[in-house]
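Following: one structure in structure tokens, then a few remarks.
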Amino acid sequence: MRFEHKPGNNARESEERTARESAQSVDDLALDRVLTDFRSSVHAWSEAAHNRPRPIAAASRRAVWRKAAAWSLGSMLVIGASGGSVVEYRHRQEAARIAAAREAQQQRALAEERERDAEKELAKVDSDVAREVPNAMEPLAQLMTEDESQ
């Protein structure tokens, strides 16, 4: 059976470990110093950039009026386009309403014509039924009327 060797048992390994830790701590201290210097230089640069004088360019009146004119013309263009679409929408609605009214009028005219045709058919049937003598007996009926008149 074999046990694993632990580093704390031997004096030589202990010395090596402390040497490594001290070298590591020296490296850590050097890194901390470098990072602190870098941080302070960044803060100094930022402070200098923040406090430097900047020229303030005042917008000329011409540029202000040009921008105002551009915005007003743009808004008029948008309003005109949307107004045109509203007019077109209403025009289409009106055309659809007129077409529906025309279709309804045609349907009414067709219904009236069918009604008139039906009345004519009923009148013809009524006249055929209302005859005193059927068509086949009509010549005989005429002879009888001639005899009575003589």
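Here ALA68 fulfils each of the conditions (1) assigned to a helix (DSSP H, G or I); (2) open to solvent by 100 Å² or more (accessible area, probe 1.4 Å) apart from (2).
All told, GLY74 meets the bar of being modelled with pLDDT of 90 or more, open to solvent by less than 100 Å² (accessible area, probe 1.4 Å) and assigned to a helix (DSSP H, G or I). In this structure, does GLU115 turn out to be part of a helix (DSSP H, G or I) and modelled with pLDDT of 90 or more? Spelling it out, GLU115 is indeed part of a helix (DSSP H, G or I) and modelled with pLDDT of 90 or more.
The values are calculated or read from the model by the stated rules, or taken from the named source; none is laboratory data. None of these values were measured; they are calculated from a predicted model. Note: areas computed on protein heavy atoms with side chains; ligands, DNA, RNA excluded. Shrake-Rupley method; radii C 1.70, N 1.55, O 1.52, S 1.80 Å.
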